[in-house]
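Rule-based calculations on the coordinates, nothing more; no lab input. Note that the coordinates shown come from a computational prediction; the quantities given were computed from them, not determined experimentally. All Cβ positions, glycine included, derive from the backbone under ideal geometry; neighbour counts span all protein chains shown.
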Ligand code: NAD
Ligand code: IPM
Ligand code: MN
């Protein structure tokens, strides 16, 4: 059996609470499905590490992490100690860029047993992917300040889109759409107002679409697209978006499925040159951190996505099935799901179901 080397980075806040539950389920699935997993834990990318070292990561982080098969990540951010742009640009955003994880794949699925805040919606009505560009776009460090501290202050931050960067995320999204029954791609744009980069994005969508004649393509401006997530979630199959638009849509989508606490994401380097990184969509949730209240399902679903990424499809499906069965049974649920259980109780219940798959 192959042994996968996994770097575990809990980060801050509820990252420290949900990651152990994810590891528990990973270990259970590895046992049941005969997969080797070898974990190495790291305390960097956290406020404590920053307080001790004055930076978020050790200087040799790239060398340290690059040989792993995957990074299993919690959440970063503790604004009382370190400003968010410092902690995030000092850790997660470096991982995404240096490991060229240009795909941020974020499933949006209404799971059984969860009541959607959208009236009358059942599982099946909300089942799509947000494919978020993850290395360029609006998240750029190009820009600056002038006349700082005066009333003539100016701040500028540029959006960067490259031909290669746009085409490769579009190609990933088109291929994902090809693999799905509906064969439908929706592009998020704002080419009416953002008059240089967004028309370019649209132009590349049209150009790449020629290579995928079986795919139905449509586009919406981001404002009405957000509205349609709420009004018509059943219209969507694969939604491709720039970095910032994808960020916003991937909190809105999961909110439509009941709670952002269940939403996973895969930061993928499709070529496999570098490790991919698996983390929930949510952040460190300082408002509930340290209380054992966090929903671990987003983190646990990430374990399923990681197994899928490894090609261990049975294990990936097994973890997702365990999540769905636990939710459908309606027990051991955390507060955001209307229950009273804590993080560890829900994690243990899911791990138990995974072990049960071993017969
Ligand atoms: P957040 O996702 O941490 O929390 C938003 C709200 O959702 C909070 O009320 C929180 O209690 C709730 N919530 C989040 N995850 C939950 C879970 N698993 N179970 C139950 N409730 C949950 O977003 P925020 O408050 O905007 O950000 C807090 C910090 O996290 C900031 O420092 C931010 O920069 C950081 N952040 C990090 C990541 C990441 O590491 N990928 C993502 C988003 C935010
Ligand atoms: C996410 C987060 C990050 C992002 C933040 C914390 C920088 O919101 O992963 O969705 O905007 O990419
Ligand atoms: Mn986000």
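Here are some notes:
- What the Cα atoms of segment 279-343 give is an Rg and a Dmax of 13.0, 37 Å.
- Scattering profile of the chain at q = 0.07, 0.08 Å⁻¹ [log10 I(q)/I(0), Debye over alpha-carbon scatterers]: -0.30, -0.39
- Within the chain, antiparallel bridges make up roughly 40 percent of the DSSP beta bridges whose residues both belong there.
- Label point distance in nm, residue 52-residue 80, each placed 7 Å from Cα along Cα→Cβ: 2.0
- For segment 1-160: Kirkwood Rh in Å [reciprocal of mean 1/r, alpha carbons]: 18.8
- Counting other Cβ atoms within 10 Å as a rough exposure proxy, the listed residues 224, 350, 114 run 224, 114, 350 from fewest neighbours to most.
- Residue-averaged [θ]222 nm for the chain, counting only DSSP H segments that reach four residues, each worth -39500 (n - 2.57): -12500 deg cm²/dmol
- Ellipsoid equivalent to segment 96-190 - semi-axes via the Cα gyration tensor, in Å: 35, 20, 11
- Dividing the radius of gyration of the alpha carbons in segment 127-256 by their Kirkwood radius gives 1.04 for Rg/Rh.
- FRET efficiency, 1/(1 + (r/R0)^6) with R0 41 Å, evaluated for residue 152 and residue 98 via beta carbons: 0.65
- Normalised contact order of segment 241-295, rounded percent, pairs of Cα under 8 Å and 6 or more residues apart: 29
- The chain: relative contact order in percent, alpha carbon pairs under 8 Å with at least 6 residues between: 24
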